[in-house]
Amino acid sequence: MSYFDPIYIFFAVPILLIIYNLVPKKVRPILLLLFSFGLFIFISKWLTLFLILSIVSIYFIGIFLDKLNKKRDLLIQDNPDNKKEIKEKYKKYKKLVLILGILINVSFLFFFKYLNFFATNTNLLLNLFKINYQLKVAKYIAPIGISFYTLEALSYILDVYNEKIEADKNIIRVSLYLSFFPQIMEGPIARYSDTASDLYAGNKVTYNNFCSGYQRILYGFFKKLLIADRLNFLVSTVFDNYASYSGATAALSVIGYTIMLYMEFSGTMDIVIGTGEFFGIKIPENFRQPFFAKNISEFWTRWHISLGLWFKDYIFYPVSLSKSMKKLTLKARNLMGNRFGPLVSGAIALFAVWFLNGLWHGAGYTFLFYGMYQFILILLGNIFEPTINNICKKIKINRQNKIYRVFQSIKMTFFVFIGELFFRATSVKAGFGMLKKIFTNFHLISTFKSGEFLKIGLDGKDYVVIFIALIVVFIISLLKEKNHNIREEINQKNICIKWIIYYLLILSIIIFGAYGFGYLPVDPIYADF
Amino acid sequence: MERLIEILEELQPDVDFRTTENLIDGRYLDSLTILSLVAEIEEEFGVEIPTVEIIPSNFNSAKSIWALIKRLEE
């Protein structure tokens, strides 16, 4: 099942929209919840029970935390002289409740995603030390989107704990926040304050919302069917058997995989956000022209934004600004100065972020390697930033200059390609093998002459379609980067031009989309994480 | 406020902190610069900035940072 399934998007969702508009406003959130659970059960069957357990746990943990907050405030009001002691005492109580909530939700995630990896590696260690005991290794199918909804669940209880939000007493709203059907497969990892009130508002589906939603959905289809699905065969063929191909073909498959991943994931986000628009629900954006970033650090504020923000708010700052880290920062600043001093605690927090980020994507060494690769790049970028700045000043290069900015984006994209190579590689060893092949056995001209580029699932027509579609996406991205609100600009065009654009989009998907015989549709890649 | 501007200018000399209103959204201050800034502010003004206060709206301009310091001093 994928959001690109025509039965889902052009049949099930429109029927839901009709019923949604017919039922009274109060019933609409319940209808959304029923549909969401229906889809969840359709995909994950009895494993839906774990989603329900997560919902129930955060609902009660939230209420309990809220009660502790209120009780603490009342006590302080009655005993203002003991404010500090009361605060400390209740902070401890709250921490215990929070830890319970975290343990419940993380244990489900650990059981389904990491137990197998943990058991395999523990057995390897036991063997190494010649201990005659083996843990049972078993792989369980996880509930769909468990990595996404678990982070949402944690953000909810952490926000109540930090008193950013009040606990919700309405279990339907909490359930909808965690299970809203467009988000269950690939996020984005929204915060409770982002979507909860819209989800429960029960606003009618208007003609404008309907058109606007499908406009966004069509763009998602364009990216997925014209580009991502067309590249799938090339990627799986070369990555799974890179030794049989030249370095140039391996490089092409790495570029192809990066493009495919972006088009699949951002295309899915177009469908998710477009579906939210039907109901007047503003789902946060997950991408912002990532390949225009000037360095890897910025790239991660533009790619999978919701995941980056989650790690920043709940791991990076809490770790780097904890009491012990602040002490370390002060000591390091005295020793190393203002620029490099905070880098010490920053590096420790960054390590935690990227270790967990890698692990979040999957229990495997390729993902851990990928995380560590990003960590090292970001850290080196920060260490050398002042030096590069000084060199540029000395040789009079204006870093705001357009040519320099383009150079920065190209350099950044090159490093992204290498990261994605390891992300997709069948093992870290295979990743290095592929990298070696690219740098030592490139042979572009002989590969071209041998016709190898046409023997990997792409013919001349495929290359032309991908190239033209990428130019379209590039122009749209460039306009967005220059702060053009393209959708608003199209909406303001007269009805003829508007519909010509829509028809061109629909026809290009129907005529040039990679579907049917001979094509291998990309599975929702991020749904597996 | 003047001392705050001085601290900010030491960390990022090329930014006009008196007028810029999108220090976070415009990526003038990245996460690691925020760490330096928090350490400097805590030392200079004797306040403790909890992690929940590290949100764009509190750090997008010198004015909003100053308002945060004043609020924490109370």
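Taken per residue, the accessible surface of chain A reaches 50 Å², heavy atoms only and a 1.4 Å probe.
Summarised in one figure, the compactness ratio Rg/Rh of the range A:1-102, Cα atoms and Kirkwood Rh, is 1.24. Here the spin labels are modelled as points 7 Å beyond Cα on the Cα-Cβ line, and at A:Phe111 and A:Ile445 they lie 6.2 nm apart. Need one word for the protein assembly as shown: rounded, prolate or oblate. Basis is the Cα gyration tensor (sqrt eigenvalues a ≥ b ≥ c); a/c below 1.5 gives rounded, then a/b vs b/c decides. Note, shape of the protein assembly as shown comes out rounded.
Evaluated at q = 0.15 Å⁻¹, a Debye calculation over the C-alpha positions of the range A:426-470 (equal weights, vacuum) places log10 I(q)/I(0) at -0.57.
Of the chymotrypsin sites (Phe, Trp or Tyr not before Pro) found in the range A:75-133, the ones in coil according to DSSP and having at most 13 other Cβ atoms within 10 Å of their Cβ are A:Phe129, A:Tyr133. Computed over all pairs of different Cα atoms, the Kirkwood value for the hydrodynamic radius of the range A:6-204 is 19.2 Å.
A simple spin-label model places pseudo-atoms 7 Å from Cα toward Cβ; at A:Ser324 and A:Lys164 they are separated by 2.4 nm.
Each peptide in A:402-410, B:56-64 gets a packing score, the mean of other Cβ atoms within 10 Å over its residues, and the list from highest to lowest is B:56-64, A:402-410.
The local environment of A:Leu115, defined by Cβ-Cβ distances under 14 Å, has a net charge of +3 under the rule Lys, Arg +1 and Asp, Glu -1.
Dipole magnitude for the range A:103-239: computed about the Cα centre from +1 point charges on Lys and Arg Cβ and -1 point charges on Asp and Glu Cβ, it is near 500 debye.
I want the local charge near A:Leu421. Using Cβ-Cβ distances under 15 Å, sum +1 for each Lys or Arg and -1 for each Asp or Glu among the other residues.
Within the 15 Å Cβ shell, the charges total +2.
Computed over the range A:145-287, the P(r) tail beyond 24 angstrom holds 45 percent of alpha carbon pairs.
Apply 1/(1 + (r/R0)^6) to the Cβ-Cβ distance of A:Glu481 and A:Phe355, taking R0 = 25 Å, and write down the FRET efficiency to the nearest 0.05. With a Förster radius of 25 Å, E is 0.20. For A:Ile490, the shell of other residues with beta-carbons less than 14 Å away shows a net charge of +3, using +1 for Lys and Arg and -1 for Asp and Glu. In the range A:6-204, taking the dipole from charged Cβ atoms about the Cα centre, the farthest positive-side position among A:Pro29, A:Leu96, A:Ala196 is held by A:Leu96. Site pair A:Lys92 and A:Lys493 shows an inter-label distance of 6.7 nm when each label is modelled 7 Å from Cα along Cα→Cβ.
Free of any GluC sites (Glu not before Pro) that DSSP assigns to a loop and that have at most 16 other C-beta atoms within 10 Å, the longest stretch within chain A is A:286-529. Multiplying the residue separation of A:Ile471 and A:Phe42 by 0.36 nm and subtracting their alpha-carbon distance yields 150.7 nm. Shielding value for A:315-321 is 6, the average number of Cβ atoms from other chains within 10 Å of each residue's Cβ. In units of the rule-of-thumb radius 2.2 N^0.38 Å, the range A:279-365 shows an alpha carbon radius of gyration of 1.31. Residue ranking by accessible heavy-atom surface, 1.4 Å probe, largest first, among B:Trp66, A:Trp354 comes out as B:Trp66, A:Trp354. Magnitude of the charge dipole for the range B:16-74, about its Cα centre and with charges confined to Cβ atoms of Lys, Arg (+1) and Asp, Glu (-1), is about 240 debye.
Just name one of B:Leu72, B:Leu37, B:Leu11: the one whose Cα is farthest towards the positive end of the charge dipole of the range B:2-73 (beta-carbon charges, Lys/Arg +1, Asp/Glu -1). Value: B:Leu72. Every helix of 4 or more DSSP H residues in chain A counts as -39500 (n - 2.57), and over all residues that averages to -23000 deg cm²/dmol at 222 nm.
The average projected area of the range A:372-473, computed from the convex hull of its Cα atoms over all directions, is 9.7 nm². About its Cα centre, the dipole of chain A is roughly 1660 debye, where the only charges are +1 on Lys and Arg Cβ and -1 on Asp and Glu Cβ. Inter-chain Cβ neighbour count for A:291-299, averaged per residue, equals 1 (cutoff 10 Å, partner chain atoms only). Would you mind checking the range A:350-365 for residues with the amide N under 14 Å from a putative spin-label position 7 Å along Cα→C-beta of A:Leu135? Correct set: A:363-364. In the distance distribution for chain B, Cα-Cα pairs more than 22 Å apart total 10 percent. Pairwise inverse Cα distances across the range A:268-324, averaged and inverted, put the Kirkwood hydrodynamic radius at 13.0 Å.
Largest GNM mean-square fluctuation across B:Ile34, B:Ile24, B:Ile55, computed for chain B with C-alpha springs under 10 Å, falls on B:Ile55.
What angle do you read, to the nearest 10 degrees and between 0 and 90, between the alpha-carbon axis of helix B:62-73 and the longest principal axis of chain B? On a 0 to 90 degree scale, this one is about 10.
Between A:Arg405 and A:Asn121, what length in nm is gained on full extension when 0.36 nm per residue of separation is reduced by their alpha carbon distance?
97.8 nm
Divided by 2.2 N^0.38 Å, where N counts the residues, the Cα radius of gyration of the range A:231-330 comes to 1.50.
The values are calculated or read from the model by the stated rules, or taken from the named source; none is laboratory data. Note that the structure is predicted; figures quoted are calculated from it, not measured. Glycine gets a Cβ as well: all are built from the backbone with ideal geometry, and neighbour counts include every protein chain shown. To get the accessible areas, we keep the full protein, side chains included, count just its heavy atoms, and leave off ligands, DNA and RNA. Shrake-Rupley method; radii C 1.70, N 1.55, O 1.52, S 1.80 Å.
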